[in-house]
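Please treat every number below as a calculation from the coordinates, not as lab data. Every value quoted in this text rests on a predicted model; they were computed, and no experiment measured them.
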Amino acid sequence: MKTMKRIVAFAVLMVGLTTMANSSKVITTEDDNVTITKVNQLVQVSVLNIEEDMYKLTIYNASGDLVFERYLGDDRSLGKRFDFNKAPKGVYSFVFTTGKGKEVTYSIEAGSNR
């Protein structure tokens, strides 16, 4: 099962990499279930949710202010896209929390100086 999960994650990553511009950034978790892709000021989060656990995503800005909070659901494949073109430039913390209480945080620099 773990091998299949890695194969699917690798395939998704390879397809994504072939279509991205040079300004892209890809972050994956150790267990390959969360992928964050940033192309210019668009941030895509994807969760390969084999265990069909409930996932919640919370985003904070550099000041610690809540920017976004929503349950992504419990489907096998979860995703959400964010447009940071009009957001203030800074570091944003993406906090993924499972229904079992596991929490993982990733930081992404995004936004513009406009």
Which cross-chain or sequence-distant (5 or more) residues have an amide H under 5 Å from the amide H of Ala62, H modelled 1.01 Å from N in plane? Val91
Please list, in order along the range 101-111, the HN-Hα scalar couplings obtained from phi with the Karplus expression 6.51 cos²θ - 1.76 cosθ + 1.60 (θ = phi - 60°), rounded to whole Hz, x for Gly and Pro. x, 6, 10, 10, 10, 10, 9, 10, 8, 8, x
Listed here are the pairs Lys25/Lys89; Lys56/Lys86; Lys38/Lys102; Lys38/Lys100; which of them are more than 21 Å apart at the Cα? Lys56/Lys86; Lys38/Lys102; Lys38/Lys100
